[in-house]
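K.L.:
Before we start, here is the structure in question, set down as structure tokens.
The values are calculated or read from the model by the stated rules, or taken from the named source; none is laboratory data. Values in this document were obtained by computation on a predicted structure and should not be read as measured data. Cβ sites come from the backbone with ideal geometry, for glycine too, and all protein chains shown count toward neighbours. SASA here: full protein model, heavy atoms, side chains in, ligands and nucleic acids out. Shrake-Rupley method; radii C 1.70, N 1.55, O 1.52, S 1.80 Å.
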Amino acid sequence: MDKIVNDILNEEMYYEKLENGLDVYFMPKKGFTKKYAVLATNYGSNELEFVPIGEKEKIRVNEGIAHFLEHKMFEQPDGGNAFDKFSKWGASANAFTNFTMTAYLFSCTENFYDSLEHLIDYVQTPYFTDENVEKEKGIIEQEIKMYNDDPDWNVYFNCLKALYVNYPVRVDIAGTVDSIYKITKEELYKCYNTFYNPGNMALFVVGDLEVDKVMDVVKKSNNYDVDKLSNKIERFYPNEPKEVNEKEVVAKFPISMPMFNIAFKDDNVGIKGNELLKKEIATEILIDIIFKKGSRLYEDLYMSGLINENFGAGFSSQIDYAFTIIGGDSNNPREVKNKILEYVEKYKKEGLDKKEFERIKKKKIGNFLKYFDSVNFIANNFIAYKFKEINLLDYLDVLKSIEFKEVEDRLHSHLKEEYCVISIVEPSAK
């Protein structure tokens, strides 16, 4: 077992790769009453083409299957639900699927070791039958229809469809009603056996706990066949051009004011580790300078009546794709986009404010240190970064190393008009 110490954060972390390939991390937090664990697989809705473990030919699975699989993992062979035991022990459990990851988690103040053993056990116990798979389709169909009726969801996914020509991030995580009805138990088992491979997974535990006890429970609970589950996964993704798919998408919903998402596609992709982290932090600082409340652009848009307090911006980044997205409400979304492009060009000509850069950088350092008082923040961010080959404990060092020029370079390389799209949801006619 390795012990990793970060003197700046005054934190330590234990790490061990089990014989079956599972990466296990534990961060002790003395004096904390809340304990937290997350078990995640490097598998999300983007994984549509791969070679199943034990096979030789590439297959393409139905859209939405990663999310479908997450739903089915809670059903147990004895007819019970995995949530039942968590409730009995006073633990709060949940799960989620995004484009690149599926995670199963719980938090509690007592009965932690029982809950940890149960977490590992049920994620190792898939139970798919023709009957329970068919039953789930109706449940997920209702979830898809609910999101299809949500203007916020639509303005966002229409924006991704405008940005991306081929990459599966343009596909709804839950899939479509048509795609989920094609899913079979055999297809679910192929995805499970391939991606719920411990060599493709990681467990992170944080709280006032004993390291030896944590590791004993983890090792006792792991029942994987080492020989069958040590294979490397072959994944395939479509070629994605640098260009956007379409510049504007408009939909209509029964809302009172138009909504918009304006996005910039990032063509600097295919990087990982601290190089990726540096790009992410530099872009986040850039977004704060230009778009956040108090910026010149924000004040101009707000005082002109073009936006309200719902205006916001953020950067979404993975190894193979990334984009900046700006959203809000406006009676004239296209004018908001014009103003944004106007200010971007102005900043490119005049330069950014170095004092503002220093202020935001210091603020980010302070916020990061503050967030380390949250076991939820530590666990969820550690796991998300882990699959991008980033160690969360390196974040502060990388943040401190960011220079003003790197942020200015991101302004010129990322915020380009030709990579900018707008998605609008307009009020439907009464």
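K.L.:
Based on the alpha carbons, how large is the Rg to Rh ratio for the stretch 60-212 when Rh follows Kirkwood?
P.N.:
That ratio is 1.00, to two decimals.
K.L.:
How much length is gained if the chain between Ser87 and Lys272 is pulled fully straight, taking 0.36 nm per residue apart and subtracting their Cα-Cα distance, in nm to one decimal?
P.N.:
62.8 nm
K.L.:
If each residue of separation counts as 0.36 nm, what is the full-extension length gain between Trp153 and Ile255 once their alpha-carbon separation is subtracted?
P.N.:
35.4 nm
K.L.:
By what distance, in whole Å, do the Cα atoms of the stretch 196-321 stretch along each of the three principal axes, largest value first?
P.N.:
The Cα atoms of the stretch 196-321 stretch 62, 42, 37 Å along the principal axes, largest first.
K.L.:
Let me ask something else about it. Can you tell me how the stretch 1-142 classifies by the Cα gyration tensor, rounded, prolate or oblate, using a/c under 1.5 as the rounded cut? Write out the running numbers ahead of the final one.
P.N.:
Working: a/c = 2.24, a/b = 1.41, b/c = 1.59.
Judged from the Cα gyration tensor, the stretch 1-142 comes out oblate (a/c at least 1.5, b/c at or above a/b).
K.L.:
When the scattering of the stretch 1-63 is computed by the Debye formula from its Cα atoms alone, each counted once and equally, what is log10 I(q)/I(0) at q = 0.15, 0.17, 0.19 Å⁻¹?
P.N.:
Log-scaled intensity ratios, in q order: -0.73, -0.81, -0.89.
K.L.:
A further question on this structure: Given a 1.4 angstrom probe, what's the average accessible area per residue across the chain, in square angstrom? Could the numbers behind the result be given before it?
P.N.:
Working: 19270 Å² over 430 residues.
On a per-residue basis, 45 Å².
K.L.:
Going down the table (Lys161/Lys364; Lys17/Lys386; Lys354/Lys400; Lys88/Lys213; Lys190/Lys232), which pairs top 25 Å between alpha carbons?
P.N.:
Lys161/Lys364
K.L.:
Given 0.36 nm per residue, what is the gain on full extension from Asp130 to Glu12 after removing their alpha carbon distance, in nm?
P.N.:
37.8 nm
K.L.:
Here is a follow-up. How fast does the stretch 144-204 diffuse by Stokes-Einstein, in µm²/s, taking the Kirkwood radius from C-alpha pairs at 37 °C and 0.692 mPa s?
P.N.:
After rounding, the answer is 234 µm²/s.
K.L.:
Beyond 18 Å, how much of the Cα-Cα pair distribution for the stretch 76-134 remains, as a whole percent?
P.N.:
Details: 683 of 1711 pairs.
That tail contains 40 percent of the Cα-Cα pairs.
K.L.:
Provide, as a two-decimal number, the C-alpha radius of gyration of the chain over 2.2 N^0.38 Å, N being how many residues it has.
P.N.:
1.04
K.L.:
Same structure again: Working from the pairwise distances between different alpha carbons, so that the mean of 1/r is found and then inverted, what is the stretch 275-337's Kirkwood radius in Å?
P.N.:
Values: mean 1/r = 0.0795 Å⁻¹.
12.6 Å is the Kirkwood radius here.
K.L.:
Label-point separation (nm) for Lys293 and Glu418, each offset 7 Å from Cα along Cα-to-Cβ?
P.N.:
3.7 nm
K.L.:
Please check which bits of the stretch 399-423 a label hung off Glu345 would reach, taking the label as a point 7 Å along Cα-to-C-beta and the cut-off as backbone N under 19 Å.
P.N.:
Under 19 Å, as judged by backbone N against the label point of Glu345, lie 411-422 of the stretch 399-423.
K.L.:
Quick one: Cα centre-to-centre distance for the stretch 102-162 and the stretch 12-66, in angstrom?
P.N.:
So the separation of the two Cα centres works out to 15 Å.
K.L.:
Of all accessible surface on the chain at a 1.4 Å probe, what whole percent is carbon and sulfur?
P.N.:
Numbers: 8840 of 19270 Å².
In the chain, the share of accessible area belonging to carbon and sulfur is 46 percent.
K.L.:
Same structure again: Which residues among the stretch 64-105 fall inside the zone where the amide N is under 18 Å from a point 7 Å beyond the Cα of Asp121, along Cα→Cβ?
P.N.:
Those under the cut-off are 73-94, 104-105.
K.L.:
Further, regarding this structure: For Ser317, what accessible area in Å² do you get when you roll a 1.4 Å probe over the heavy atoms of the protein chains, rounding to the nearest 10?
P.N.:
Near enough 10 Å² of accessible area.
K.L.:
Do any of Lys85/Lys135; Lys265/Lys339; Lys35/Lys355; Lys279/Lys362; Lys137/Lys265; Lys361/Lys388 go past 29 Å between their Cα atoms, and which?
P.N.:
Working: Lys85/Lys135 23 Å; Lys265/Lys339 18 Å; Lys35/Lys355 40 Å; Lys279/Lys362 17 Å; Lys137/Lys265 34 Å; Lys361/Lys388 23 Å.
Those over the limit are Lys35/Lys355; Lys137/Lys265.
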